[in-house]
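The values are calculated or read from the model by the stated rules, or taken from the named source; none is laboratory data. Values in this document were obtained by computation on a predicted structure and should not be read as measured data. Glycine gets a Cβ as well: all are built from the backbone with ideal geometry, and neighbour counts include every protein chain shown. Surface accessibility is based on the protein's heavy atoms, side chains included, excluding ligands, DNA and RNA. Shrake-Rupley method; radii C 1.70, N 1.55, O 1.52, S 1.80 Å.
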Amino acid sequence: MRFNFIYIVFFLMTPCLYLVAQEYDEVKIEEILEKVAQEQEISPLIDLIEGLNQNPIDLSKTNIEELSQIPGISIHLSKLILDFVKRNKNADYVTISDSLALSEDQLFLLKYCTIIGDRISSQRKRTKNLYLRLRQYNQFNKPKGLIDGNFQGNELDLYQRYSLYYDDYAANILINKDLGEKSIADFYSGNISGKIFNTKIILGDFNIQSGMGSILWQSYSMGKGMDVISPALQYSNKIEPYRSSLEYNFFRGAAIQSNIQISKSNNINILAWYSDVKRAATIDTASNIVTSLYQSSYFRTNTEIRKKNTLKENTIGGSIEWAYSNFTIGFNGFKLLYNYPIESSSKRAFLGESGFLSSVFATFITGSNTFGGELSKDAAGNMAFKVGYLFEKQKYSLSMHFRNYSSEFRSPFGFSFGESSIPSNEVGLYLGFSYRPYALISINNYLDVYQTHSRTYYVPFKVAGYDLFSETDWLISKKTKFIFRFKFEDKTDIISVEDLRPVVSKKNYSTRFELQNNISSKFQLRIRAEAKAVSFEKHKEAEFGIMSFVDLSWKPFKFLSLNARLTYFSTDSYESAIWQYEGGIAGYMLSNALYGSGARFLLYSKVNIFNNLNLWIKYSNTQKNNVDNLSSGYTLIEGNSDNRLILQLDLSF
């Protein structure tokens, strides 16, 4: 195993210049993200939160759309916060929280992602900031692809990020190499952004969020989970620098956004952009068509490398939004052009060689009510429609989200809040209800009923289903919280039974109990137990799974924090797998599907070496019983144990 100590030496020898202290609470961040992120879409969300921490939103200057991108902060709550700050010149986070009855999570993220002008109460100011990060992944058990030589590169797995902020200007560079890839800059991304008066400009890589996301959104969408209110109406109209290491769903070129203030309550928001980027794809050279897009982001084998940068994509588009008082209406559209026609069966992929996608959207806020809707059309004329509604009070809130995407709707940059994150071939109704009978108790529930218009990629028939969710959080005392969660889903699926593949109504039951206790100012304890059962009608015996962990956080000194977690799991197969989120390192979070029988041990720490230098260390060990190897294919590991170490250095000026 090779460690790049030259980087560590470089950072240790760097002089301490200036730091704006940013306190990263890895335990709290993990807890919050686990509530709002979908199981396999957490990386872009943590990139968003960390980006806002480094370049925080100014509550005295921002708008509703920008503030509502913070998880758990709905459009309606964003308006209440901004109105409160405008009315109260001495507003701080304590008075905002007390007046609007913010939850613990909402208050944490608001403080973590925002400032309030130059007020002392905010404790943070915009200033010249330079952030440098190096993260190295070390896998002690070599995968099959390295051993047999199928991977063309070495075992080095290195992530680098460099960010510079100065007032309203920023520059970002990201360089990433995965294990087995050849170049240390196998993926690179960068951008320069700035704001002049009311106009924002981005050169390089960027994201666009427009309307309710049916045709334009970031590379993630807040999914169904403990936050049962704000995800039901996600709305925005903005450009943002791209910060993720995911190698798809971003634009590369130039974007501009300008806000024209007609009067105090009347303004026009205009976006325009041009992008020229190469995508990874499988091309049938005999017929000169693209048969599939490649989005795993790994380019290790010759087969994977041949797919890289094979498809050229040009995009030009714009958006215009008019906002008057509490009402907004807008239109967006863009032209797509590829150098090969795409004939992929994936609903995520564009179909054809060129085309124009468009949508019209609107929102309206009145009292405690927020309404939003969007009507979209793809390049082939297929339609998509979604509408959301929120009713929010301090003690209780309601949400509703209806979506209807035609079976052939294709939107390569869109995302959906529904059973699938792909806005295609689904009609469904989501209802959420949140209740806080007392300040220390919150009860969150949702029901989602859905159906496809036609067969799916895996199931040769229409898929129908519904899921029920309920979670109760009880703050028993200032130091102790109890969490109970129950989820049930009944869904059409196809299973394998010997040589048969019957279509069944598969039922999933899962229950979770968790106890969190702040033993003292230095110790925090988390204990979780979770159980899952899956039934397959009469075609197959039911499967069961259990998982439990004990997690202990310890901060013996101001400059040092330690965390250990021991997890035991036992499931009948992957069908009854239980997902577990793992944080521990700033800007990095992992979502693991635990299945089979075994244990997983985590140990991570943060060391504040100097005021401007932090070292993060995370060690993990997974052991499974009664198996000869772990994983499969090129990532197969001989033996029943997987050991990994992550080292990260963060330097701030």
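When you go through (1) of a type outside the set (Lys, Arg); (2) under 27 Å from Lys79 (Cβ atoms); (3) at pLDDT 95 or above one by one for Gln394, which number turns out not to apply?
(3)
Scan the range 380-394 and give yes if some residue there is assigned to a loop (DSSP other than H, G, I, E, B) and of a type in the set (Val, Ile, Thr), otherwise no. Let's see the steps before the verdict.
Within the range 380-394, the first condition is being assigned to a loop (DSSP other than H, G, I, E, B), and the residues that meet it are 380-382, 393-394.
Within this subset, residues satisfying the condition of being of a type in the set (Val, Ile, Thr) are none.
Within the range 380-394, not a single residue is assigned to a loop (DSSP other than H, G, I, E, B) and of a type in the set (Val, Ile, Thr).
Restricting attention to the range 317-341, and to residues there that are of a type in the set (A, V, I, L, M) and within 17 Å of Asp276 (Cβ to Cβ), which single residue is surrounded by the most Cβ atoms within 10 Å (Cβ to Cβ)? Steps first, please.
Filtering the range 317-341 down to residues of a type in the set (A, V, I, L, M) leaves 320, 323, 329, 336-337.
Applying the additional criterion that residues be within 17 Å of Asp276 (Cβ to Cβ) yields 336-337.
On the way: Leu336: 22, Leu337: 13.
Only one residue tops the list, namely Leu336.
Give the residues of the range 567-589 that are part of a strand (DSSP E or B), among the hydrophobic types (A, V, I, L, M, F, W, C) and touching an Asp or Glu at 6+ places or on another chain (Cβ under 8 Å), sorted by residue number.
Restricting attention to the range 567-589, the residues satisfying the condition of being part of a strand (DSSP E or B) are 567-571, 578-585, 588-589.
Restricting the remaining residues to those that are among the hydrophobic types (A, V, I, L, M, F, W, C) gives 569, 578-579, 585, 589.
Those that are part of a strand (DSSP E or B), among the hydrophobic types (A, V, I, L, M, F, W, C) and touching an Asp or Glu at 6+ places or on another chain (Cβ under 8 Å): Ile578, Trp579, Ile585, Met589.
Please go through (1) at pLDDT 95 or above; (2) part of a strand (DSSP E or B) for Gln152 and return the number of the only condition it doesn't satisfy.
For Gln152, the failing item is (2).
Suppose we filter Ile609, Ile617, Ile637 for residues that are in contact (Cβ under 8 Å) with a residue 60 or more places away in the chain, of a type in the set (A, V, I, L, M) and open to solvent by 50 Å² or more (accessible area, probe 1.4 Å); which single one remains? Break it down into steps so the answer makes sense when it comes.
On the way: Ile617 fails: in contact (Cβ under 8 Å) with a residue 60 or more places away in the chain; Ile637 fails: open to solvent by 50 Å² or more (accessible area, probe 1.4 Å).
Just one listed residue meets the conditions, Ile609.
Among (1) open to solvent by 10 Å² or more (accessible area, probe 1.4 Å); (2) within 19 Å of Phe250 (Cβ to Cβ); (3) not in a strand (DSSP E or B), which single condition is Ile215 missing?
All conditions pass for Ile215, except number (1).
Going by what's in this entry, would Ala349 be described as open to solvent by less than 40 Å² (accessible area, probe 1.4 Å), of a type in the set (A, V, I, L, M, F, W, C), under 19 Å from Asn425 (Cα atoms) and assigned to a loop (DSSP other than H, G, I, E, B)?
Values: open to solvent by less than 40 Å² (accessible area, probe 1.4 Å): yes; of a type in the set (A, V, I, L, M, F, W, C): yes; under 19 Å from Asn425 (Cα atoms): yes; assigned to a loop (DSSP other than H, G, I, E, B): yes.
For Ala349, the condition - open to solvent by less than 40 Å² (accessible area, probe 1.4 Å), of a type in the set (A, V, I, L, M, F, W, C), under 19 Å from Asn425 (Cα atoms) and assigned to a loop (DSSP other than H, G, I, E, B) - is met.
Do the conditions hold for Asn191, that is, is it modelled with pLDDT of 95 or more and either farther than 29 Å from Phe433 by Cβ or in a loop (DSSP other than H, G, I, E, B) (or both)?
Values: modelled with pLDDT of 95 or more: yes; either farther than 29 Å from Phe433 by Cβ or in a loop (DSSP other than H, G, I, E, B) (or both): yes.
So Asn191 passes the test.
Lys224: touching a Phe, Trp or Tyr at 6+ places or on another chain (Cβ under 7 Å) and among the basic types (Lys, Arg), yes or no?
Numbers: touching a Phe, Trp or Tyr at 6+ places or on another chain (Cβ under 7 Å): yes; among the basic types (Lys, Arg): yes.
In short, yes.
Go through the residues of the range 393-406 one by one and say whether even a single one is among the hydroxyl-bearing types (Ser, Thr, Tyr) and open to solvent by 20 Å² or more (accessible area, probe 1.4 Å).
Within the range 393-406, one or more residues are among the hydroxyl-bearing types (Ser, Thr, Tyr) and open to solvent by 20 Å² or more (accessible area, probe 1.4 Å).
Only one residue in Ser292, Ser319, Ser287, Ser245 is under 25 Å from the mean Cα position of the chain (by Cα) and outside any strand (DSSP E or B), so which one is that?
Just one listed residue meets the conditions, Ser245.
Can you tell me which of Asn563, Asn592, Asn614 is within 22 Å of the chain's Cα centre (by Cα) and either within 14 Å of Lys532 (Cβ to Cβ) or assigned to a strand (DSSP E or B) (or both)? Before you say what the answer is, go through the steps one by one.
Details: Asn563 fails: within 22 Å of the chain's Cα centre (by Cα); Asn614 fails: within 22 Å of the chain's Cα centre (by Cα).
That would be Asn592, the only listed residue that is within 22 Å of the chain's Cα centre (by Cα) and either within 14 Å of Lys532 (Cβ to Cβ) or assigned to a strand (DSSP E or B) (or both).
Please specify each residue of the range 621-632 satisfying the condition of being touching a residue at least 12 places away in the same chain (Cβ under 8 Å), within 27 Å of the chain's Cα centre (by Cα) and open to solvent by 30 Å² or more (accessible area, probe 1.4 Å).
Matches in the range 621-632: Ser631 only.
Can you spot a residue in the range 249-258 that is within 19 Å of Glu50 (Cβ to Cβ) and either at pLDDT 90 or above or open to solvent by less than 30 Å² (accessible area, probe 1.4 Å) (or both)?
Filtering the range 249-258 for residues within 19 Å of Glu50 (Cβ to Cβ) gives 249-250.
Next, only the ones that are either at pLDDT 90 or above or open to solvent by less than 30 Å² (accessible area, probe 1.4 Å) (or both) stay: 249-250.
Yes, there is a match, as at least one residue in the range 249-258 is within 19 Å of Glu50 (Cβ to Cβ) and either at pLDDT 90 or above or open to solvent by less than 30 Å² (accessible area, probe 1.4 Å) (or both).
Of all residues being of a type in the set (A, V, I, L, M) and within 24 Å of Ile147 (Cα to Cα) in the range 171-189, which is surrounded by the fewest Cβ atoms within 10 Å (Cβ to Cβ)? Just the residue, please.
Residues of the range 171-189 that are of a type in the set (A, V, I, L, M), as a first pass: 171, 173-175, 179, 184-185.
Filter once more, keeping what is within 24 Å of Ile147 (Cα to Cα): 179, 184-185.
On the way: Leu179: 21, Ile184: 14, Ala185: 12.
Applying the filter and picking the extreme gives Ala185.
In the range 454-467, which residues are open to solvent by 70 Å² or more (accessible area, probe 1.4 Å) and modelled with pLDDT of 95 or more? Can you show your working first?
First, pick out the residues of the range 454-467 that are open to solvent by 70 Å² or more (accessible area, probe 1.4 Å): 455, 457-458, 461-462, 466.
Within the range 454-467, just Tyr466 meets the criteria.
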